[in-house]
Amino acid sequence: MLTSGGQLQTPCSSWPCKNKGKCLPLYGENNYKCLCKGFKGKNCENEHRLQDSVIIGGNLTYFVMLTNWLKPVVEINGSENRFKNDSMAFLFSLKNPTNNPLKLHQIDNSSSHSVRDYASEGPCFGSSWDLCIEDCANMSSRSHEHLGHTYTVPSGIKNEPFFTGSNHYRGNEIETFYEIAQ
């Protein structure tokens, strides 16, 4: 669209996106969409909070449970490109075949394979990769789960994929929770 002064105008010309959001013009609708990390709202004006999680879905019980599970928080600065021990590490699932939120503890909390810390790869948990979310998880089925090596298997689940329904999966929706140090 051209203005009377001959300048090109787009739906993003007024820089509507706040908090370092990127403006995506929707020319056919003469509108825009703001893409932003950690913020929501038409113009990225509202901070995204834990209770806004897609997985939690406004369920107060899940929110309280997850908030309690995520304490204390382990701080990692930088990557050492190796497996690490974290005696407090655990896996959790809010939605699964049992329809019950579950926290899966380590079989032995002195395991040297609690979490894989590789800067160029996705996170893995457990010595035989009980749960591994590979890099570019939404583009391949290389991510996998094989519970029972480092982390406990839920009661009644035997040699069956628990989190995803398949040993190998394509991650299409992953939420990461973190705490910002004050």
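Looking at the stretch 142-149, is at least one residue of a type in the set (A, V, I, L, M, F, W, C), at negative phi and modelled with pLDDT under 85? Checked against the condition, which is being of a type in the set (A, V, I, L, M, F, W, C), at negative phi and modelled with pLDDT under 85, the stretch 142-149 yields no hits at all. Being free of Cβ contacts under 8 Å to residues at least 40 places away in the same chain and under 19 Å from the mean Cα position of the chain (by Cα) holds for only one residue in 170, 82, and it is 170. Of the residues making up the stretch 75-130, those that are under 17 Å from residue 161 (Cβ atoms), assigned to a strand (DSSP E or B) and in contact with a Lys or Arg (Cβ under 9 Å, 6 or more places away or on another chain) are 91, 92, 93, 124, 125.
Candidates are the residues of the stretch 23-46 that are at pLDDT below 90 and either within 29 Å of residue 102 (Cβ to Cβ) or of a type in the set (Lys, Arg) (or both); the one that is surrounded by the most Cβ atoms within 10 Å (Cβ to Cβ) is 40.
The values are calculated or read from the model by the stated rules, or taken from the named source; none is laboratory data. If you're wondering where the values come from, they're calculated on a predicted model, not measured in any experiment. Positions of Cβ are backbone-derived with ideal geometry, glycine not excepted, and every protein chain shown enters the neighbour counts.
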